[in-house]
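The values are calculated or read from the model by the stated rules, or taken from the named source; none is laboratory data. Values in this document were obtained by computation on a predicted structure and should not be read as measured data. Here the Cβ positions follow ideal geometry from the backbone for every residue, glycine too, while neighbour counts run over all protein chains shown.
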């Protein structure tokens, strides 16, 4: 049984979502403020978090960033705020999805299933990588690596789903890691936004290609010396993006 943690101070909405997801077969708990929500992340160990942005004791984006510092649990923001900038800020804080209130319970359930399905694919991929490494003798760690020049490199480790830039560990979201994996494996190839969406979400994605632009902007901040004048992740106008080194 998959577990869902709802961090929502509106009792009516919280109870409705709890009831609906419980009937769908999820184990659901709800916390009414950020402090209790943070505690429950480690105690309850949910498979997905539904997070309201407007909490009585703290900002939802701050809570999202705090969770993302130590966990890769999928996070879906559920908020009354419906401006594009709010969605962009949420993705920048490490959220994986965003729904505006009021919303369809059926769509919300579908998105929760999609987030968990995607998360399970990571775990399966990581497990397969470990098995390959073990069969090879376990003497080396499977690492995807792109050498950018003599002194600089980006290293992706699929075992830990981690990225190092110039040898320094850099935190990434699931989507950011998957995009970088595509780039590193196929330098010079041009990826359309739709290509990258299918890579990070799958064909049943409910998000728009605007999310890809946000992830690219975040990656540029993490790997480029000058994000506004990127040397590695280049925009191919009218098409998409490519990785150059």
Margin query: Looking at the range 103-112 only, could you name the residues that are touching a strand residue (DSSP E or B) at 6+ places or on another chain (Cβ under 9 Å) and assigned to a helix (DSSP H, G or I)?
Written below: 107, 108, 111, 112
Notebook entry, point to check: Mind checking which residues of the range 231-241 are surrounded by 12 or more Cβ atoms within 10 Å (Cβ to Cβ), free of Cβ contacts under 8 Å to residues at least 60 places away in the same chain and within 18 Å of residue 193 (Cα to Cα)?
Noted result: 233, 234, 235, 239, 240, 241
Margin query: Where the second residue is part of a loop (DSSP other than H, G, I, E, B) and the first is without any contact (Cβ under 8 Å) to a residue 24 or more places away in the chain and lies in the range 27-54, which pairs have Cβ atoms under 7 Å and are six or more apart or on separate chains?
Written below: 35/57
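Conditions (1) assigned to a helix (DSSP H, G or I); (2) surrounded by fewer than 22 Cβ atoms within 10 Å (Cβ to Cβ); (3) touching a residue at least 60 places away in the same chain (Cβ under 8 Å); (4) out of contact with any strand residue (DSSP E or B) (no Cβ under 9 Å at 6 or more places or on another chain), marked per residue:
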position: 17; (1), (2), (3), (4): yes, no, yes, no
position: 25; (1), (2), (3), (4): no, yes, no, yes
position: 62; (1), (2), (3), (4): yes, yes, no, yes
position: 68; (1), (2), (3), (4): yes, yes, yes, no
position: 82; (1), (2), (3), (4): no, yes, no, no
position: 85; (1), (2), (3), (4): yes, yes, no, yes
Margin query: Can you tell me which residue is nearest to residue 94 (Cα to Cα) among those in the range 162-191 that are part of a strand (DSSP E or B) and in contact with a helix residue (DSSP H, G or I) (Cβ under 9 Å, 6 or more places away or on another chain)?
Written below: 170
Notebook entry, point to check: Residues of the range 30-60 being within 16 Å of residue 78 (Cα to Cα) and surrounded by fewer than 14 Cβ atoms within 10 Å (Cβ to Cβ), which ones?
Noted result: 54, 56, 59
Check: So, of the residues in the range 87-102 that are in a loop (DSSP other than H, G, I, E, B) and on the phi < 0 side of the Ramachandran plot, which turns out to be surrounded by the fewest Cβ atoms within 10 Å (Cβ to Cβ)?
Finding: 102
Check: Would you pick out the residues in the range 4-15 that are touching a helix residue (DSSP H, G or I) at 6+ places or on another chain (Cβ under 6 Å) and surrounded by fewer than 21 Cβ atoms within 10 Å (Cβ to Cβ)?
Finding: none
Notebook entry, point to check: Looking at this structure, is residue 57 in a loop (DSSP other than H, G, I, E, B), touching a helix residue (DSSP H, G or I) at 6+ places or on another chain (Cβ under 7 Å) and farther than 16 Å from residue 93 by Cα?
Noted result: yes
Next item on the list: Go through the residues of the range 116-123 one by one and say whether even a single one is modelled with pLDDT of 75 or more, under 24 Å from residue 21 (Cα atoms) and not in a helix (DSSP H, G or I).
Entry: no
Margin query: Name the single residue that is surrounded by the fewest Cβ atoms within 10 Å (Cβ to Cβ) among those in the range 200-227 being touching a strand residue (DSSP E or B) at 6+ places or on another chain (Cβ under 8 Å) and modelled with pLDDT under 80.
Written below: 206
